[in-house]
Amino acid sequence: DPSSSSSTQNSAVPELPGFYYDSEKNRYFRLLPGHNNYNPLTKESIQYKAMECERLRLLEEEEKQKKKTTRAGLNSSILLQKRQLGLLSSTSYCRLVHELKVNCMQRRKVEIHSPDSSVAGTNNFKIIVADAACERIFTVNDVEHGGCKYGIINLSGLGKESLTVEMYDNLYFTNRKVLEKSLFSLTHFSKLCLMGIAETPGCASLLPASLFSSTNPGDRPGMLCSFTISTAWSCAWCLNPQADHCFSTGLTRRVLVTNVVTGHRQTFGTSSDVLAQQFATQTPMLYNGCRSGEIFSIDVRQRNRKGQSWKAIRLFHDSAVTSIRLLEAEHYLMAADMAGKIKLWDLRTAKCVKQYKGHHNEYAILPLHVNEEEGLLTAVGQDCYTRIWSLQDAHLLRTIPSPYPSSKDAIPSVVFSSRLGGSRGVPGLLMAVKQDLYHFSYN
């Protein structure tokens, strides 16, 4: 973990109250109180300086293409020999090849063009989320006078040498501010966007993708429907046919499941704020992660009866759960919390079977990205580093520094896929930070 490198070096040096130890000069320096005057010698400024030096060092290594192998003795020629000798299955071979490719990804800046000449430049990215086919991504950008604007980026240009993509904005919805990265979900076939809005009394809206079409910009339809929902923390769209046309919203001490066709609402009381949600696709279950650290499931076919317990499977973290992701077979659930812990839970035994170390978080709601086909887990920490782990054995494969200094307003949003741009797309990672979009492609 780059953020802890300086503390590791000084671990053998005793800590003195009111002083800090400079390893380069091999001596102690007094920490001044600071108050309202500028003081460079504070713990926060020293830690930030150390982190910034480490970030610049890692960026320099990436520019010089100094790549270290993710595992000892792992290279493409050895993998191919083992595959030809029958020592590796096709699944293991593909997974290890992905590990090698991930380690060799190089950063390239993507040019963003907008067909609408009235849109001047690109505002800071807050969220990017890919559709199911990874042909395009939905974006949320800041606007100068508060609030956000929404857009869709077509990824077909990623396969070209110029790396140019087209961005279609919708300026009809710029006066609403998205609460957090978790309050967003793409529905099936990428035709609808479920958006939670941080307003009082609050709002969850269904936006058709045609809102962002450039075919007839003068005649754009409005949102499909909008629901007034107060104190929303999270939302999720249901893809299970047993509970079709439904979405859930995680609120303060309750869960609200809404049918968008009939308008019927089902309320489930909880003991804590619900910060993360996901529906299962094979069973009519809704999984919820709470501020208290509890994770529990609800059968959405249940009817509202007083005194009845709604919770089925129950798991517990020591800190607030910020993101949950069900794996494809739905026997396992990945969860991250505000203590920086990422755990893989076996839902059949309700036990933690793996921990993915190195993630950094203290108070932010940050998403997890699970790519089972490639056998990878990706997460961006509060320290603005993007980390990629092996799903199988929780080995940290790569740590990618941000092109910008670490800050609350510069936490990258990422998308990883082996088919960015569609079925014939280019494998790699998309990173949106500040006003820029970067592509880390396989080589």
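The values are calculated or read from the model by the stated rules, or taken from the named source; none is laboratory data. Bear in mind that the values here come from a model prediction, so they are computed numbers and not experimental data. Quick reminder, even Gly has a Cβ in these numbers, built from the backbone with ideal geometry, and neighbours come from all protein chains shown. What goes into the accessible areas is simple: the full protein's heavy atoms, side chains included, and nothing from ligands, DNA or RNA. Shrake-Rupley method; radii C 1.70, N 1.55, O 1.52, S 1.80 Å.
Computed with every protein chain present, the accessible area of Ser319 is close to 30 Å² [probe 1.4 Å]. Relative protection proxy for 125-136, 289-300, from highest mean packing down: 289-300, 125-136 (other beta-carbon atoms within 10 angstrom).
Note on Lys25: accessible area is roughly 140 Å² with a 1.4 Å probe, heavy atoms of protein only. When you count the other C-beta atoms within 10 angstrom of each residue and take the mean per peptide, 84-91, 343-350, 57-64 line up highest first as 343-350, 57-64, 84-91.
Per-residue accessible area (protein heavy atoms, 1.4 Å probe) orders Trp233, Trp310, Trp389 as Trp233, Trp310, Trp389, starting from the largest.
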